[in-house]
Amino acid sequence: MRVLVTGGAGYIGSHTVLQLLQEGLQVSVIDNFSNSSPESLRRVVGIAGQNLDAYQIDLLDTSRLTQAVCEIKPDAVIHFAGLKAVGESVSQPLKYYKNNVVGTLNLLEAMDEAECRTIVFSSSATVYGDSTDLPLRENTPRNATNPYGRTKLHIEEMLEELAASDSRWRIANLRYFNPVGAHESGLIGEDPQGIPNNLMPFVAQVAIGKRTEVQVFGGDYSTADGTGVRDYIHVLDLAAGHLAALDYLSNAQGVHVWNLGSGAGSSVLEVIDAFARISGRSVPYQITDRRPGDVAESYAHPEKARLDLGWKAERGLEQMVEDMWRWQSKNPDGFPEVAMEFLHQDELALFISGNQKLPSTD
Ligand code: NAD
Ligand code: UFG
């Protein structure tokens, strides 16, 4: 089976590509590297000892995209490629609609042309908007509150309408909660550009000494310690959810929706405490005003994924922090600028051999 992974060089994509290779599947990646480095793919193939094909293509480049998808002839697509910064989506909404919605539309048309009609889509718990009906279930009404969230909502709707129009499509909308952690090797992980928007990478950068203190956005929520509560999920558990969804789609047509979360919440202060304890570093923080648009609490009802997919989150907060810290301390500046010699250009495809020398993990 050949799986095409868009956005496969990114944070969640790279961990998923690794698991696909480890399961013995053939993998092709399409990524424009706008928010990632090909070094992540070099390390993935090195860990797996398997080869992959990578295509440096933007989803907005319809002719190269269609040519590549027809050349790859995938049996299924896992679609991660997208922009994801909520604040930037407010200041540049058109960039988000174009990249995420038009990019997905182009991908679906290319898939149709290549006769591949199975897709797993990276949706988000952001489609539940500011719902306070906890835990969040797949049938909780959708209500996005920012342009990024609305791109996810529009794509979910587009996929629903597509499946309704043509029963050959097999579609999974996976709504992620808060992905964190890294592969246990410390070789791949999240590499945010600039100041991290999300809590866990920010805390990691404070622990390593790159930033002075964490701003805790609000200490007066009606939660146990007054700080925001989220459902953190280890990126390896999340990746496993994609393989389970692919497996399910092999026997099911139409659209299927699953929350991928643990079902449990952790507060901002619990995350900071865990990080300080596990890293042995001090993590200074200051409680400041609430961040506009944040909800007090968000966590999944994860039962549907357990029943349908036999999937549940296995790793707890300690493991997430331990793995995140290993990645952060071994790669304090993220992925290095890479010499691209390991990418062998052959027409459209970049072929990355599984025989890669990896950085030491001692
Ligand atoms: P990421 O930025 O690390 O990965 C996205 C990848 O897509 C990057 O490698 C980027 O270069 C690529 N990309 C973006 N636009 C592209 C385009 N037009 N053409 C080709 N490649 C393109 O992000 P991630 O955290 O791995 O997230 C993956 C997906 O999951 C995204 O769709 C995101 O919205 C969704 N998601 C992420 C989170 C989270 O907190 N990380 C939560 C919910 C949903
Ligand atoms: N927080 C801080 N300080 C920071 C960053 C965050 O106190 O510097 C707090 C937030 O107020 C919130 C919690 O930490 O209470 C988590 O915030 P994140 O920014 O890490 O995550 P969010 O839940 O706000 O949003 C994330 C993604 C969204 C996605 C959502 C659900 O950024 O794109 O998870 O998947 F939609």
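The values are calculated or read from the model by the stated rules, or taken from the named source; none is laboratory data. Note that this is a predicted model, so its numbers are computed, not measured. Note: ideal-geometry Cβ built from the backbone for every residue, glycine included; neighbour counts use all protein chains shown. Surface areas here come from the heavy atoms of the whole protein model, side chains and all, with no ligands, DNA or RNA. Shrake-Rupley method; radii C 1.70, N 1.55, O 1.52, S 1.80 Å.
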Mind checking which lysines have their C-alpha under 28 Å from residue 95, skipping anything on the same chain fewer than 8 residues away? 84, 152
For segment 190-207, in residue order, the Karplus 3J(HN,Hα) values (coefficients 6.51, -1.76, 1.60; θ = phi - 60°; whole Hz; Gly and Pro = x) are 7, 10, x, 8, x, 7, x, 7, 9, 4, 4, x, 5, 4, 4, 6, 5, 4
Cβ-derived FRET efficiency at R0 22 Å, residue 75 paired with residue 166, nearest 0.05: 0.80
Per residue, accessible area of the chain with a 1.4 Å probe, heavy atoms of protein chains only, in Å², comes to 43
Quick one: with all protein chains in place, what share of the accessible area of segment 2-352 is carbon or sulfur, to the nearest percent (1.4 Å probe)? 45
With θ taken as phi - 60° and the coefficients 6.51, -1.76 and 1.60, list the Karplus ³J(HN,Hα) couplings across segment 214-227 in order, rounded to whole Hz; mark glycine and proline as x. 8, 8, 8, 7, x, x, 10, 6, 7, 10, 3, 10, x, 9
If you take all C-alpha pairs in the chain, what percent of them are over 34 Å apart? 22
Interchain or sequence-distant (5+) residues whose placed amide H lies within less than 5 Å of the amide H of residue 136 are 299, 300, 301
Amide H contacts under 5 Å for residue 120, restricted to residues at least 5 apart in sequence or on another chain and with H modeled in the peptide plane, are 77, 78, 79, 172
For segment 276-292, 3J(HN,Hα) per residue [Karplus equation, 6.51 cos²θ - 1.76 cosθ + 1.60, θ = phi - 60°, Hz, x = Gly/Pro]: 5, 5, 6, 7, x, 9, 7, 10, x, 8, 9, 7, 10, 5, 5, 7, x
Give the whole-number value, in cubic angstrom per residue, of the convex hull volume spanned by the C-alpha atoms of segment 169-302. 140
